[in-house]
Each structure stands twice: as C-alpha cells, then as structure tokens.
Amino acid sequence: QVQIEESGGGAVQTGGSLRLSCVVSGSIFSVITVAWYRQAPGNERELVASINSGGATNYVDSAKARFAISRDNVRKTVYLQMNSLKPEDTAVYYCRYKYGSAWSTKWGQGTQVTVSS
C-alpha cells in the first residue's frame, strides 16, 4: 500500500528558506506525478507545484522564481525548496500523487510552515 509522508516544515522569518520532503513509498514512484499543495487557515487547499515522471514541472504564479520542485527516484522523494519566504506562504503543506490519469485520494499528514514578519 502506498504511503505518503511529508517533512521539513518549520518556523522561519521573512526571506528565509526551507526544504520540504515528500516520501511516497511503494513501487510506483518512478512513474507518478507528485504535487505539493498548501492550506492556510480558513482557505481551501491549493496547488503549489508539481513534477511528473519525466521531470517536467509546474508552479502556481506565487511560487514561480522562489520555489523549486525536484525528485529523487532512488529515495522515492520529492523536494520543495522554498526561498524568499513570505508570511503569506504560511500554511500546512501536503503532497499527493497521480498514477496514470487518477489523482490519489490519500494525503499525508502535512508539514507546517510558518513565516513571521
């Protein structure tokens, strides 16, 4: 059974950096698309960035030029490097995967990112 585990969150000041990790267990990692989402209090969960099995990436406009998503198929891990963090980046960050044409209904427990001004 595929398991998802996010880590790497923390509390930083404006302008700081964090690197989030998402481990997706199981034998399907090399063929899946993985996406990072975030949810701030009172807001809906929103897509931040995604990376497909070939390494192609997509970002929400607010993350372009500041965040970088990457993957390590040996470690079955997707990273989200976040630089120049802003208070509005404060949220719980989650990851999710797509196998074939279907997005998983399973989510990890999330990792909290808090950016103070």
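The values are calculated or read from the model by the stated rules, or taken from the named source; none is laboratory data. Everything quoted here is computed from the prediction, not taken from an experiment. Note: ideal-geometry Cβ built from the backbone for every residue, glycine included; neighbour counts use all protein chains shown. Just so you know, the surface numbers come from the protein's heavy atoms only, side chains and all, with ligands and any DNA or RNA stripped out. Shrake-Rupley method; radii C 1.70, N 1.55, O 1.52, S 1.80 Å.
Considering region 84-108 alone, what residues qualify as being open to solvent by 60 Å² or more (accessible area, probe 1.4 Å) and either out of contact with any strand residue (DSSP E or B) (no Cβ under 7 Å at 6 or more places or on another chain) or under 16 Å from S17 (Cβ atoms) (or both)? Answer for region 84-108, where residues must be open to solvent by 60 Å² or more (accessible area, probe 1.4 Å) and either out of contact with any strand residue (DSSP E or B) (no Cβ under 7 Å at 6 or more places or on another chain) or under 16 Å from S17 (Cβ atoms) (or both): S84, K86, E88, Y99, G100, S101, T105. On the basis of being assigned to a helix (DSSP H, G or I) and either surrounded by 14 or more Cβ atoms within 10 Å (Cβ to Cβ) or in contact (Cβ under 8 Å) with a residue 40 or more places away in the chain (or both), does S30 make the cut? When the stated conditions are applied, S30 passes them.
Of the residues A68, A49, which is open to solvent by 30 Å² or more (accessible area, probe 1.4 Å), assigned to a strand (DSSP E or B) and under 17 Å from S84 (Cβ atoms)? Every option except A68 fails the conditions. Summed over region 16-27, residues that are in contact with a strand residue (DSSP E or B) (Cβ under 9 Å, 6 or more places away or on another chain) and open to solvent by 30 Å² or more (accessible area, probe 1.4 Å) total 4.
Please state which one of V12, V2 is in a strand (DSSP E or B) and more than 20 Å from N58 (Cβ to Cβ). Step through it out loud before you land on a result.
On the way: V2 fails: in a strand (DSSP E or B).
That would be V12, the only listed residue that is in a strand (DSSP E or B) and more than 20 Å from N58 (Cβ to Cβ).
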